[in-house]
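The values are calculated or read from the model by the stated rules, or taken from the named source; none is laboratory data. Keep in mind that this is a model prediction, so the values were computed, not measured. Positions of Cβ are backbone-derived with ideal geometry, glycine not excepted, and every protein chain shown enters the neighbour counts. These accessible areas exclude ligands, DNA and RNA; they are computed on the full protein's heavy atoms, side chains included. Shrake-Rupley method; radii C 1.70, N 1.55, O 1.52, S 1.80 Å.
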Amino acid sequence: MTRKSPLDDPVNAAHAWARYRQIMKWLLAATTLTVMLAMGLLFAYNGMISVHFYIAAALGISLTMLLGGGLMGLVFLSNGTGHDESVDNQLPGKDEFWSPKDD
């Protein structure tokens, strides 16, 4: 039987989501700084190639960082609140799973 998740408590959930939003704000600031630095370096080494190149590079960097950071933030949220421990993840043993059933 599964145990009750700590995220079911509104106070714990509010604290956890506030922490997640704070992580995402820092991630957005780091992403903005990284994109500006990358655009500056690309322009310094390559000059003005095409505006589409810079748009694609900026979108690729920013979306990759935000998606990866957002998913890692959710991992931190799940682990930090104890939600992971409330999941019943007991699989059948190797013998139970692969042996034929006796009827």
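As a summary of the residue check, Gly68 satisfies the conditions (1) in contact with a Pro (Cβ under 8 Å, 6 or more places away or on another chain); (2) open to solvent by less than 60 Å² (accessible area, probe 1.4 Å) except for the one numbered (1). Residues in segment 22-45 that are exposed (fewer than 11 other Cβ atoms within 10 Å of the Cβ) and of a type outside the set (Phe, Trp, Tyr) were compared, and the one that is nearest to the chain's Cα centre (by Cα) is Lys25. Taking the stated definitions as given, is Thr81 open to solvent by less than 60 Å² (accessible area, probe 1.4 Å), at pLDDT 95 or above and either basic (Lys, Arg) or out of contact with any Asp or Glu (no Cβ under 7 Å at 6 or more places or on another chain) (or both)? Considered against the rule, which asks whether it is open to solvent by less than 60 Å² (accessible area, probe 1.4 Å), at pLDDT 95 or above and either basic (Lys, Arg) or out of contact with any Asp or Glu (no Cβ under 7 Å at 6 or more places or on another chain) (or both), Thr81 comes out as no.
So that you can scan it fast, the table gives a plain yes or no per residue for (1) at pLDDT 95 or above; (2) within 30 Å of Asn79 (Cα to Cα):
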position	(1), (2)
Arg3	no, yes
Asp9	no, yes
Ala16	no, yes
Gln22	no, yes
Thr32	yes, yes
Met36	yes, no
Tyr45	no, no
Met48	no, no
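Contact map, segment 49-73: residues that are more than 12 Å from Met39 (Cα to Cα) paired with residues that are open to solvent by 60 Å² or more (accessible area, probe 1.4 Å), Cβ distance under 8 Å, separation 6+ or inter-chain. Pairs shown: Leu66/Leu28.
Remark: Leu74 matches the filter, which requires a residue to be at pLDDT 85 or above, within 17 Å of Ser5 (Cα to Cα), in a helix (DSSP H, G or I) and open to solvent by 60 Å² or more (accessible area, probe 1.4 Å).
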